[in-house]
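What follows is a single structure, written as structure tokens, with notes after it.
The values are calculated or read from the model by the stated rules, or taken from the named source; none is laboratory data. Every value quoted in this text rests on a predicted model; they were computed, and no experiment measured them. Cβ: placed from backbone, ideal geometry, glycine included. Neighbour counts: every protein chain shown.
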């Protein structure tokens, strides 16, 4: 049996996980003169951060009203006022721009690096960590949380074990992230440790994630993106809710920020019954006005074939699919032969393209997963556990529901800074 060894360095903080919140916490603690060890099992820091936002990295959201911003975190809002009062959106802008990374605000107030490269965000944090003297161990997996049971049956943290070597500290931050994008090393280690240490852990589930559909016609449109669509969801035929925006069709179903941010509600509907949806391709035009518009187009091109005219009427890229769904006309029909009933069938279809939702995509496709420890078990001013002495928790290990649009990374910056500030 291998003999246990001890690293004799007295660390003020050991951070397990070199992602967004882990690097922010390590850098901040070291900036304040603390001796910090940062451990990452990947061969490089920021593996997930470097691919976030499609490689562009949605750093935060430029909503400057703190209450409106925090409302996006739903039930977690009351717990977040304290850390956000210390490090919020304004401080995030200051941090990155003062470290040489200009930011730009784009649609829906989403904030990106001006270079639109997520790797530049990772680079800034790596430089922050190294400049402040953090000791970094890469390609290193923590095998055990060193702990002792104290009076009352609670645990106190003493450090971590890596193989046969023990690294000692009175403060250990678990910042390993959730289980979305498991290919980046997010395999749920943090949740396992938190359970072992006595925390309650809600099972992680995808909440900001694309939707799977049954309909083959959707798969035929894979890669087509349509702007200004209205999608309405139904459960057992009863209307549940509607949203408007862009919809991206994929080989498995539908995606886009609109769909991602609807997934949490859809997940609840799926528990209640059969979920269907309709897509209105012309939400600003009622049935009568759309019928009149199409009638005029038909009158102007009476001698064309339907297959020739249809691409000029329906949303870009959808003509073959729309044509395949029609029963009262086909591509070889001359426009002058289209009946009023056939035209109305086309109008009805464009106002309510039918879908059957069969589920949500999994962790490998999720932008955000909920789950983790309840905020009531954490002192949110310091990110210290109320259950385990010496333990801190940040980022995606916290049970916080949030939409896409910069809210996840802002949670990481805020909780990471709070943790680093608390040592």
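Here are the numbers for this structure:
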| read-out | value |
| --- | --- |
| Unique match (being more than 19 Å from residue 413 (Cα to Cα), touching a strand residue (DSSP E or B) at 6+ places or on another chain (Cβ under 6 Å), touching a residue at least 12 places away in the same chain (Cβ under 8 Å) and surrounded by fewer than 19 Cβ atoms within 10 Å (Cβ to Cβ)) among 157, 165 | 165 |
| Flag if residue 177 is touching a helix residue (DSSP H, G or I) at 6+ places or on another chain (Cβ under 7 Å), within 28 Å of residue 12 (Cα to Cα) and not in a helix (DSSP H, G or I) | yes |
| Hey, residue 30 modelled with pLDDT of 95 or more, in contact with a helix residue (DSSP H, G or I) (Cβ under 9 Å, 6 or more places away or on another chain) and farther than 20 Å from residue 381 by Cβ or not | yes |
| Test: residue in region 329-342 that is free of Cβ contacts under 8 Å to residues at least 24 places away in the same chain, buried (at least 16 other Cβ atoms within 10 Å of the Cβ) and over 21 Å from the mean Cα position of the chain (by Cα) | yes |
| Given (1) surrounded by 14 or more Cβ atoms within 10 Å (Cβ to Cβ); (2) under 22 Å from residue 47 (Cβ atoms); (3) at pLDDT below 95, number of the condition residue 174 does not satisfy | (3) |
| Test: residue 342 is on the phi < 0 side of the Ramachandran plot, in a strand (DSSP E or B) and outside the structural domain of residue 48 (by TED's automatic domain parsing) | no |
| Hits in region 9-28 - residues which are under 13 Å from residue 125 (Cα atoms) and over 22 Å from the mean Cα position of the chain (by Cα) | 26, 27, 28 |
| Flag if residue 190 is at pLDDT 95 or above and buried (at least 18 other Cβ atoms within 10 Å of the Cβ) | no |
| Options 219, 238, 296; residue that is within 26 Å of residue 364 (Cα to Cα) and free of Cβ contacts under 8 Å to residues at least 40 places away in the same chain | 219 |
| Region 143-171, residues that are part of a loop (DSSP other than H, G, I, E, B) and over 17 Å from residue 8 (Cα atoms) | 143, 150, 151, 152, 153, 154 |
| So residue 140, is it assigned to a helix (DSSP H, G or I) and either touching a strand residue (DSSP E or B) at 6+ places or on another chain (Cβ under 7 Å) or in the same structural domain as residue 37 (by TED's automatic domain parsing) (or both) | no |
| Only one of 210, 206 that is crowded, with 18+ Cβ neighbours inside 10 Å, under 30 Å from residue 324 (Cβ atoms) and modelled with pLDDT under 95 | 210 |
| Number of the condition not met by residue 323 [criteria: (1) in a helix (DSSP H, G or I); (2) more than 21 Å from residue 223 (Cβ to Cβ)] | (2) |
| Residues being part of a loop (DSSP other than H, G, I, E, B) and either touching a strand residue (DSSP E or B) at 6+ places or on another chain (Cβ under 7 Å) or closer than 17 Å to residue 170 by Cα (or both) - total across region 1-16 | 2 |
| Qualifying helices (runs of 4 or more DSSP H) (wholly inside region 185-292; at least 1 residues being in contact with a strand residue (DSSP E or B) (Cβ under 8 Å, 6 or more places away or on another chain) and farther than 30 Å from residue 145 by Cα) | 216-220, 257-260, 263-270 |
| Residue match in region 364-383 (condition: surrounded by fewer than 21 Cβ atoms within 10 Å (Cβ to Cβ) and over 30 Å from residue 149 (Cα atoms)) | yes |
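One line per residue, one yes/no per condition, for (1) surrounded by fewer than 13 Cβ atoms within 10 Å (Cβ to Cβ); (2) closer than 30 Å to residue 159 by Cβ; (3) modelled with pLDDT of 95 or more; (4) in contact with a helix residue (DSSP H, G or I) (Cβ under 8 Å, 6 or more places away or on another chain):
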{"residue": "40", "(1), (2), (3), (4)": "no, yes, yes, yes"}
{"residue": "60", "(1), (2), (3), (4)": "no, no, yes, yes"}
{"residue": "70", "(1), (2), (3), (4)": "no, no, yes, yes"}
{"residue": "78", "(1), (2), (3), (4)": "yes, no, yes, no"}
{"residue": "81", "(1), (2), (3), (4)": "no, no, yes, yes"}
